[in-house]
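What follows is a single structure, written as structure tokens, with notes after it.
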Amino acid sequence: MSIPRPQGPPGAWFDQRFGVGPELLRRVMQAALHSGADDCDLYFEHAASTSVSLSDHKVNAASTRVDLGMGVRVVVGDQVGFAFTEELTAEAMIAAARTAAEIAAHGGQREVTGPVAVRISDWTPVTHPWDRVDMETRVAMVRGWEQRAFQRDPRVARVETHLADAAKVVMIVRPDGRLVEDWRPMTQGYVLTTAVDGDLRESSSYNVAGRAGLEYYDEGRQARLVDQAVDRTVFLLRAGKPPAGEMPVVLAAGPSAILLHEAIGHGMEADFNRKGTSIYASRMGQRIASEHVTIVDDGTIPGSRGAVNVDDEGNPGQRTTLVEGGVLRSYMHDEISARHYGVAPTGSGRRQGFRHAPLPRMRATVMEPGPHDPAEIIASVKRGIYCQTFSNGQVHIGGGDFAFYMKTGFLIEDGKLTMPIKDVNVIGNGPEALERIDMVGNDTVIDEGGWTCGKDGQGVPVSQGMPTVRVGRLNVGGVG
Amino acid sequence: MHDGIEQELLTLARRGVDAATRAGAHQAEVYASAERVVKVGFARNDLDTVSTARETTLGVRVFVDGRLGFATTNRAEDLPALAAEAVQLARSSPPDPHNGLPEPIDVPATGNLVEPSLLSLGPQELARMGAELLAMVRGLRDPRVPDGQVSVDTMDLSLHDEARAVASSTGVAQAFRGALASGGIFGMALLDGQPGSFSYDGDVARHPDALWPLLDASFRRFATNCLGALGAGRGESFRGPILVPAEVISDLLVGHLVEALSADAVRQGTSPFAGRVGQRIAVPGFTLVEGGAGLPGHPLCPFDREGLPRQRIALVEDGVLQGFLYDSYEARHAGVRSTGHAGGGATSLPTVSAACLSLDPGHAPLDELRRMDRGIVVTRFSGAVDATSGDFSGVVKGGFLVERGEARPVQETTLSGNLWQALQQVSGVSVETTLLQGTQRYPALRIEDISVTAG
């Protein structure tokens, strides 16, 4: 099952299908605010997704998922009351609203204005939506990927392929009367390969993801999806481990941006600063990186996995400059933190779905191009490592300490990439690493892979990008 | 949720099976679950969120000529349409001769696990209990660093009331309801504004009277770890022993071992233990058991995701590999019977997983195991493990360096080695065991000859 792009005016999707019209919305909002509160929102979601997986030529799963419900959030100061229901009846929604309002027993008064539809920009240019794609087409795609993977290298012993598409319609209603409706498509293609050479056995994967329809999978992208998965896997068969110790680290353009997201981006989410847990809590307007470093968090990149037409509090998607020429300029705000800091929300209030309350979250976090030629950056390192891809990591958001697992890379000796290396921990501190970035390439690449950011038990789709950069020194947990 | 909800889910599941069969399924199964959650969250030492949730999920699994289709929804009204869609999906999928649903097997009648007085726990009572626990934790001190104080990043207390049912066209029909309360805490200690390494702990209870003492013990353990990590100094690099307490056993060792002892890993060729049943894979005294329908005194739902009885399986006994964990697909593939270890819920297809695990205690008092000439006490491990080769490397957070029996906190220390070799390098198993989350009971292990690199 797929959810097509709504054709009616904002609000019509839930009104026509489930009977949730303006009068009912006003009653639910009144129930949520009956004890008074500083703020409140109603969030409706109707979602459907389809996925097809293939492995071992035969073990496979084709599945579909449908989800419907609404969440009510009531805010008093920094405290949040939240409840959700899967039944869109007046009785169930008003009961949820009254539960959420329990936290607001001593809140202020807030007037309720009848809903008024607001139109928004659209950063999801879909030309071939998934509701017009049949199952056979999907199955043929994953079979084609499997076939190409086996053909690319004789050492490939096992292949898993996966294609997922999803779309949801959300409606957000706020006490000031704003009613926003948004259609959110998403797709992801994934290939995992295992290669065997003698006693050596290695696995690696590649994936591509975006807010797009079938048109996303042009020939070039499908070929790259498979070839990258295979090439990364067979690379591991010949890679070794670098010596351990502190050394300069060059991060490759694109996939390395996961470090930017985890070790630095989270520290710029306003809730961690409002609560005083981020190292950036008192650094606004101060220099936190070299002049070459500019970082934005951008919800307006067309088709990006992190693109948001509107955030989950009803604020328009936008581009927020976090660091400009090395100086901290803005946090990412939701409504609560924006009120706390007395600034405008940055359209960063996001949630996994109707079962969760929104939090300040990243969208597409990107380091802008700098002045250096990437070849010049590698040539500048006498002895260090070049990190190409990472598989996972751990980060302590408050202090910013991180340990990332570099999956593939190269040793750099006398300015040249030499031995292929794999499977080492790169350990450091995000804010310190940011300060130590002393060369920034002019080759920013937005990673096409699909990442889901987890925070407080909620996953939201994000994207990130960066140019080639040199970090003066980081700890590498190699051999010895 | 009301009395009898699990039987209503079973009726709903049966109706879904009928709908799928009418739509052309040769075999059909519906797994239905309903859940109510009440949760209070604290952040930065204050009440932050109160939330309630109620949800129902339905998963339809069908086979047509050995082809699999799966659909899931949270709306009972959609079930007939979803069942038909699952059949459509199956018709588009390639066949697999090992696909199919299991025949029913009798499940021991253990009844529901609902203590009525637990169900009345509301947000106010959880918030009050949370505030008292928070004050307790914040008041704890370590005489070694008297000015250090715990700072709680997040803490939550919640009630989970859950019903589940599974019915199939082969005759499987099971229903269950259980409720439990849980609490978790995450944070670090501060000394002169400087944070130490962060820590996490938590526990669960099925009776309201048990909740406070369990959380009190768990949160005290958390505070001890946080405060103990303050004032950490530089470590040392050496090869030597590590002491792995019960809380870290799963992250560092057992979690990866159980993954490698799952039949899907054996079938996919990623388990190094394939074909080694009956062989020694660990030191004598190392006994790992999957507890089936619950560890002694801590019962769980008696059936798995496919409605088959969860069986108790000794995976490793006295160091010798005894067998693997199977769901019905893997069992059919291997030509054996399912052990009742299909995991997952209504929104996912069954996959092999363990429900509860224990390692047998040994004979050495924990204090004796800690008295190392030079070794590391691993309080938290964050790293990566290659499950096939067993190679691991990662960082000990908030660990202790023990020298001639004296322990001092050290900054991040990197450990590397091979887990499968480590099973043969266990030099001591503690007599004391710790029950974690009601589903895991472990002693502490001392493991020799691990590479330790100072951060």
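If a residue must be within 14 Å of chain A (Cβ to nearest Cβ) and either of a type in the set (Gly, Ala, Ser) or under 15 Å from B:Tyr31 (Cα atoms) (or both), how many such residues does the stretch B:78-112 contain?
The qualifying residues number 12.
From the residues in the stretch B:267-297 that are under 23 Å from B:Gly178 (Cα atoms) and exposed (fewer than 13 other Cβ atoms within 10 Å of the Cβ), which one is nearest to the other protein chains (Cβ to nearest Cβ)?
For the stretch B:267-297, the residue satisfying everything is B:Gly297.
Among the listed residues A:Gly265, A:Gly254, identify the single one that is open to solvent by less than 10 Å² (accessible area, probe 1.4 Å) and within 28 Å of A:Thr194 (Cα to Cα).
A:Gly254
Which is facing chain A (nearest Cβ under 9 Å) and touching a residue at least 40 places away in the same chain (Cβ under 8 Å), of B:Arg67, B:Arg75, B:Arg44?
Going through B:Arg67, B:Arg75, B:Arg44 in turn, the sole match is B:Arg44.
Name the residues in the stretch A:76-87 that are within 10 Å of another protein chain (Cβ to nearest Cβ) and either buried (at least 24 other Cβ atoms within 10 Å of the Cβ) or touching a helix residue (DSSP H, G or I) at 6+ places or on another chain (Cβ under 7 Å) (or both), would you?
Within the stretch A:76-87, A:Asp78, A:Gln79, A:Val80, A:Gly81, A:Phe82, A:Ala83, A:Phe84, A:Thr85 meet the criteria.
Tally time: how many residues in the stretch B:229-243 are closer than 18 Å to B:Ser199 by Cα and of a type in the set (Asp, Glu)?
Adding up the residues that qualify gives 0.
Would you call A:Gly177 at positive phi and away from chain B (no Cβ under 14 Å)?
Yes, satisfied.
Give the residue that is nearest to the other protein chains (Cβ to nearest Cβ), with candidates limited to residues of the stretch A:17-74 that are among the basic types (Lys, Arg) and over 28 Å from B:Leu58 (Cα atoms).
A:Arg27
From the list A:Thr444, A:Thr452, which residue is in the same structural domain as A:Ala289 (by TED's automatic domain parsing), without any contact (Cβ under 8 Å) to a residue 12 or more places away in the chain and surrounded by fewer than 24 Cβ atoms within 10 Å (Cβ to Cβ)?
When all the criteria are applied, what remains is A:Thr452.
Quick one: A:Glu435 ticks every box in (1) open to solvent by 60 Å² or more (accessible area, probe 1.4 Å); (2) at pLDDT 85 or above; (3) under 17 Å from A:Pro255 (Cα atoms) except a single one, so which number is it?
(3)
What tally of residues in the stretch A:378-396 results from selecting those that are facing chain B (nearest Cβ under 9 Å) and either surrounded by 24 or more Cβ atoms within 10 Å (Cβ to Cβ) or not in a strand (DSSP E or B) (or both)?
So the answer is 1.
Mind counting the residues in the stretch A:176-231 that are in contact with a helix residue (DSSP H, G or I) (Cβ under 6 Å, 6 or more places away or on another chain), aliphatic (A, V, I, L, M) and without any contact (Cβ under 8 Å) to a residue 60 or more places away in the chain?
Counting residues in the stretch A:176-231 that are in contact with a helix residue (DSSP H, G or I) (Cβ under 6 Å, 6 or more places away or on another chain), aliphatic (A, V, I, L, M) and without any contact (Cβ under 8 Å) to a residue 60 or more places away in the chain gives 3.
Scan the stretch B:403-455 residue by residue and report those that are at pLDDT 95 or above, touching an Asp or Glu at 6+ places or on another chain (Cβ under 7 Å) and more than 30 Å from B:Ala181 (Cα to Cα).
B:Gln425, B:Ser427, listed by residue number.
Enumerate the strands (runs of 3 or more DSSP E) found wholly within the stretch B:303-391, keeping only those where 1 or more residues are within 14 Å of another protein chain (Cβ to nearest Cβ).
Because the criterion is at least 1 residues that are within 14 Å of another protein chain (Cβ to nearest Cβ), the strands (runs of 3 or more DSSP E) in the stretch B:303-391 that meet it are B:381-385.
Here are the criteria: (1) in contact (Cβ under 8 Å) with a residue 40 or more places away in the chain; (2) within 10 Å of another protein chain (Cβ to nearest Cβ); (3) surrounded by fewer than 18 Cβ atoms within 10 Å (Cβ to Cβ). Tell me which single one B:Arg408 does not satisfy.
Checking B:Arg408 against (1) in contact (Cβ under 8 Å) with a residue 40 or more places away in the chain; (2) within 10 Å of another protein chain (Cβ to nearest Cβ); (3) surrounded by fewer than 18 Cβ atoms within 10 Å (Cβ to Cβ), the one that fails is (2).
Please pick out the residue among A:Asp165, A:Asp218 that is assigned by TED's automatic domain parsing to the domain that holds A:Cys40, open to solvent by 10 Å² or more (accessible area, probe 1.4 Å) and of a type outside the set (A, V, I, L, M).
Going through A:Asp165, A:Asp218 in turn, the sole match is A:Asp218.
So how many residues does the stretch B:112-144 have that are open to solvent by 50 Å² or more (accessible area, probe 1.4 Å), in contact with a Ser or Thr (Cβ under 9 Å, 6 or more places away or on another chain) and closer than 20 Å to B:Pro208 by Cα?
0
For the stretch A:109-197, list the strands (runs of 3 or more DSSP E) that sit wholly inside it and hold at least 1 residues that are over 30 Å from A:Arg355 (Cβ atoms); which are they?
Output list reads A:156-173, A:178-197.
So which of B:Ser158, B:Ser151, B:Ser168 is within 14 Å of chain A (Cβ to nearest Cβ) and at pLDDT 95 or above?
Result: B:Ser158 is the single residue among B:Ser158, B:Ser151, B:Ser168 that is within 14 Å of chain A (Cβ to nearest Cβ) and at pLDDT 95 or above.
Any idea which of B:Leu435, B:Leu415, B:Leu401 is open to solvent by 10 Å² or more (accessible area, probe 1.4 Å), aliphatic (A, V, I, L, M) and assigned by TED's automatic domain parsing to the domain that holds B:Glu368?
B:Leu435
All but one of (1) within 30 Å of the chain's Cα centre (by Cα); (2) modelled with pLDDT of 90 or more; (3) small (Gly, Ala, Ser); (4) farther than 30 Å from A:Arg143 by Cβ hold for A:Ala48; which doesn't?
(4)
Looking only at the stretch A:435-480, filter to residues that are of a type in the set (D, E, K, R) and assigned to a strand (DSSP E or B); which one of those is nearest to the other protein chains (Cβ to nearest Cβ)?
It comes out as A:Lys455.
Take the stretch A:331-351 and flag every residue that is assigned to a loop (DSSP other than H, G, I, E, B) and buried (at least 19 other Cβ atoms within 10 Å of the Cβ).
Within the stretch A:331-351, A:Tyr331, A:His333, A:Asp334, A:Pro345, A:Thr346, A:Gly347, A:Ser348, A:Arg351 meet the criteria.
Tell me whether the stretch A:278-299 contains one or more residues that are within 14 Å of chain B (Cβ to nearest Cβ), part of a loop (DSSP other than H, G, I, E, B), open to solvent by 10 Å² or more (accessible area, probe 1.4 Å) and without any contact (Cβ under 8 Å) to a residue 60 or more places away in the chain.
So far as the stretch A:278-299 goes, yes, one or more of its residues are within 14 Å of chain B (Cβ to nearest Cβ), part of a loop (DSSP other than H, G, I, E, B), open to solvent by 10 Å² or more (accessible area, probe 1.4 Å) and without any contact (Cβ under 8 Å) to a residue 60 or more places away in the chain.
The values are calculated or read from the model by the stated rules, or taken from the named source; none is laboratory data. All of these numbers come straight from a predicted model, not from anything done at the bench. Quick reminder, even Gly has a Cβ in these numbers, built from the backbone with ideal geometry, and neighbours come from all protein chains shown. Just so you know, the surface numbers come from the protein's heavy atoms only, side chains and all, with ligands and any DNA or RNA stripped out. Shrake-Rupley method; radii C 1.70, N 1.55, O 1.52, S 1.80 Å.
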